[in-house]
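Enquirer: Mind looking over this structure? Questions follow.
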Amino acid sequence: MNVKHTLHTLFKSAVEKVAPPLSKSQFEEKRVLTPEEFVAAGDYLAHACPTWSWEGGDPKKRKSYLPAEKQFLVTRNVPCLRRAAELEGGYNPNSEFALAGEEGEEGWVATHAEPTPGGSAAARRQEEDIPSIDDDDAAAATTAAAAVAAAGDAAAAGDADGGKDKEKDKDGGIPDISDLELNEGDDEAAAPSGTGGAGYLRAEEPADNIVRTRTYDLYITYDQYYQVPRFWLVGFDESRKPLLPHQVMEDVSEEHARKTITLDPHPHLAGLSAASIHPCRHAETMKKLADNLVEAGREFRVDQYLVLFLKFIASVVPTIQYDYTMSVGGE
């Protein structure tokens, strides 16, 4: 933690102790939330996506302006299969497209993809690499024809040699072992390898290509100073051992890892430090996203705030696979 961040944290904490939380809604003007609006947005998220739930945390760290059992939202054991650097690009809000739901169900909004009639170039190349069943039939027919021809040649040769073998059988001759030739190479291949070993053939073990799956516990808290939600992530390896800070950074987009990720004590859980996406620009970003929805003729309600917020966070942690596909704005 650098000096600048430490000083700002101390200043922010002092302000929060003396200044009351926001009481008058400024959702339409600034896209910030009051504590009551945060709770309403959290209720909507927990209802729409039950993997998220409310918790009260440490009673000594509870904020009086929030209900005792609704201090923060959490979802646990969220898989993370790849590192962020493996992706060429993160989440692009413009790449969303609607997917029709089943009869009687709402539709979904898909992300991280762009549906085009011809598909992506990589997909087309992959399709070209897949052999056609017609090609397989033609190849099989050619192979069969060659095999029949070879069998005919072998039969003709066998008939020529058959007379000699019959003559030898008539004489009762038994092939002498000296007539059997064993090449030196064949002898070495047949002999056991090594000294004292059993001579078994062993295949080389393949390289370890198993994907090591990480998991994350994700938290959403209310930041009184910035009047917006704040996103926290605590990572674990496949043995549920906590990830080190530099390992967590591997699952954050490079741009945000350099600028907006900080390591701070969790505001509601004692003894836990967690990586956090600093909320200093959240209101500005949320205003742009929300205004874009409104300009497109779509409604954006305050209870949908966290749904849109999670879509924005997906650009920061693109490989942590929580559900951000819920629709916003009446789609």
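Enquirer: Restricting attention to the stretch 262-285, which residues are under 23 Å from residue 30 (Cα atoms) and in contact with a strand residue (DSSP E or B) (Cβ under 7 Å, 6 or more places away or on another chain)?
Expert: The answer is 276, 277, 278, 279, 282, 283.
Enquirer: Still on this structure, please answer the following. Considering only residues that are charged (D, E, K, R) and within 16 Å of residue 83 (Cβ to Cβ), look in the stretch 248-270 and name the one that is least open to solvent (accessible area, probe 1.4 Å).
Expert: Taking the candidates together, the pick is 251.
Enquirer: Restricted to the stretch 258-317, and to residues that are part of a loop (DSSP other than H, G, I, E, B) and among the aliphatic types (A, V, I, L, M), which residue is farthest from residue 328 (Cα to Cα)?
Expert: Here the residue is 270.
Enquirer: List pairs: first residue in the stretch 250-269 and acidic (Asp, Glu), second residue in a loop (DSSP other than H, G, I, E, B) and open to solvent by 40 Å² or more (accessible area, probe 1.4 Å) anywhere in the structure, Cβ distance under 6 angstrom, at least six positions apart or on different chains.
Expert: 250/83
Enquirer: A further question follows. Would you be able to say whether some residue in the stretch 277-297 is within 23 Å of the chain's Cα centre (by Cα), more than 14 Å from residue 316 (Cβ to Cβ) and open to solvent by less than 70 Å² (accessible area, probe 1.4 Å)?
Expert: The answer is no; no qualifying residue exists.
Enquirer: Shifting gears a bit: Looking at the stretch 72-94, which of its residues are farther than 13 Å from residue 52 by Cα and at pLDDT 95 or above?
Expert: 79, 80
Okay, residues lined up against (1) in contact with a Leu (Cβ under 6 Å, 6 or more places away or on another chain); (2) without any contact (Cβ under 8 Å) to a residue 12 or more places away in the chain; (3) open to solvent by less than 50 Å² (accessible area, probe 1.4 Å); (4) closer than 21 Å to residue 283 by Cα:
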site	(1), (2), (3), (4)
9	no, no, no, yes
17	no, yes, no, no
23	no, yes, no, yes
31	no, no, yes, yes
34	yes, no, yes, yes
47	no, yes, no, no
51	no, no, no, no
61	no, no, no, no
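The values are calculated or read from the model by the stated rules, or taken from the named source; none is laboratory data. The structure presented is a predicted model; accordingly, all values stated were derived computationally and were not measured. Cβ coordinates were reconstructed from backbone atoms using ideal geometry, including for glycine residues, and neighbour counts include every protein chain displayed. For accessibility, only protein heavy atoms count, side chains too; no ligands or nucleic acids. Shrake-Rupley method; radii C 1.70, N 1.55, O 1.52, S 1.80 Å.
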